[in-house]
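Before any comments, here is the structure.
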Amino acid sequence: MDSSDLSAAKDVLIDSALFDYESGMRFFYSELVELNVILYLAERIIDFPFELFSHPDKTIFFSTVMRSFHDSAVLIITRLITDQSADVYTLRRFKNTVRELVKPEFKSSFEARLRETRFDGEVDALLKRLQELRNHRIAHATRGLMSGNMQVSRPTLSELKALRDALNSLLDALSFNTQCTMLPIPYDPNVVHPACSNDKTDIGDILDAIAKGSRLLNMPEDYPERWRIRREHLSEENIRRLNAYRRRFGLSDV
């Protein structure tokens, strides 16, 4: 029998296991939704052209938010997958528990599902880096790090997203055909909103307000002489990004 053809965990797991399984899934799903939201927001902030619409003195808040997001993402990932203490509840240990709870007739197909989510060498290397960063800088400040006897490196957003995808894939393998939506409805790109609704997100509203209130956006109309000088120092890519925002607010391209 193939576990992928079944619609619910109750068909695949032994009867006495369902409560513990569902409790574990709720916990890990909640943790991963938080991770997905953090990285979604971080990506929106990184993509915003602060260099066009904001002075460096006005980006302290977002810089602080990004550092907090980064630390939070590292902590979530490491506590879910790399912690080794006897009493910790990790996604790897939960996976092994579920493996033992699968009915005999489904074990073979379930093992095949798990093999598809096995972390490759690149993911394992990233996890090791995160564990070192967490142990020596985020959760603790070790003497070795402070004295310069060891080095830790922060992963990029792309690397954090790769780890997120690996964890999402593992949770999906444990879900037995129950689709897990990893982002809230306003953030989920797969959700189709009614044409008459305002489908802008809260982070979109915040960033749009910064662009709309900037001097540069309306400079061609308000200060044409100043704009001609400023235009000479803008790359074509920055002009393209500026025009995208001008169109968004009903202004013509420049």
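The values are calculated or read from the model by the stated rules, or taken from the named source; none is laboratory data. All values reported here derive from a predicted model rather than from experimental measurement. Note: ideal-geometry Cβ built from the backbone for every residue, glycine included; neighbour counts use all protein chains shown.
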Practice problem: Name, by its number, the condition in (1) among the hydrophobic types (A, V, I, L, M, F, W, C); (2) over 27 Å from S153 (Cα atoms); (3) under 21 Å from the mean Cα position of the chain (by Cα) that does not hold for F53. | Solution: (3)
Quiz item: Among the residues of the range 215-254, how many are surrounded by 11 or more Cβ atoms within 10 Å (Cβ to Cβ) and within 17 Å of D47 (Cα to Cα)?
Solution: 10
Quiz item: Pick from the range 42-69 the residues that are crowded, with 18+ Cβ neighbours inside 10 Å and among the aliphatic types (A, V, I, L, M): which of them is farthest from R134 (Cα to Cα)?
Solution: I45
Quiz item: Considering only the range 76-96, how many residues are farther than 16 Å from Y29 by Cβ and touching a residue at least 40 places away in the same chain (Cβ under 8 Å)?
Solution: 2
Quiz item: Would a scan of the range 12-27 turn up a residue that is within 21 Å of I206 (Cα to Cα) and modelled with pLDDT of 95 or more?
Solution: no
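Among the residues of the range 111-158 satisfying the criterion of being part of a helix (DSSP H, G or I) and polar (S, T, N, Q), which is farthest from R79 (Cα to Cα)?
Let us first name the residues in the range 111-158 that are part of a helix (DSSP H, G or I), namely 111-116, 121-138, 143-146, 157-158.
Checking the rest, the ones that are also polar (S, T, N, Q) come to 131, 135, 158.
Details: Q131: 9, N135: 11, S158: 20 Å.
Among them, the one singled out is S158.
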Quiz item: Within the range 173-187, can one find any residue that is surrounded by fewer than 16 Cβ atoms within 10 Å (Cβ to Cβ), out of contact with any Leu (no Cβ under 9 Å at 6 or more places or on another chain), without any contact (Cβ under 8 Å) to a residue 24 or more places away in the chain and part of a helix (DSSP H, G or I)?
Solution: no
Quiz item: Restricting attention to the range 123-159, and to residues there that are hydrophobic (A, V, I, L, M, F, W, C) and touching a residue at least 40 places away in the same chain (Cβ under 8 Å), which single residue is surrounded by the fewest Cβ atoms within 10 Å (Cβ to Cβ)?
Solution: A139
Quiz item: Got a sec? Which of A162, A209, A166 is at negative phi, exposed (fewer than 12 other Cβ atoms within 10 Å of the Cβ) and in a helix (DSSP H, G or I)?
Solution: A209
Practice problem: Confirm whether V88 is within 30 Å of R129 (Cα to Cα), at pLDDT below 90 and in contact with a helix residue (DSSP H, G or I) (Cβ under 8 Å, 6 or more places away or on another chain). | Solution: yes
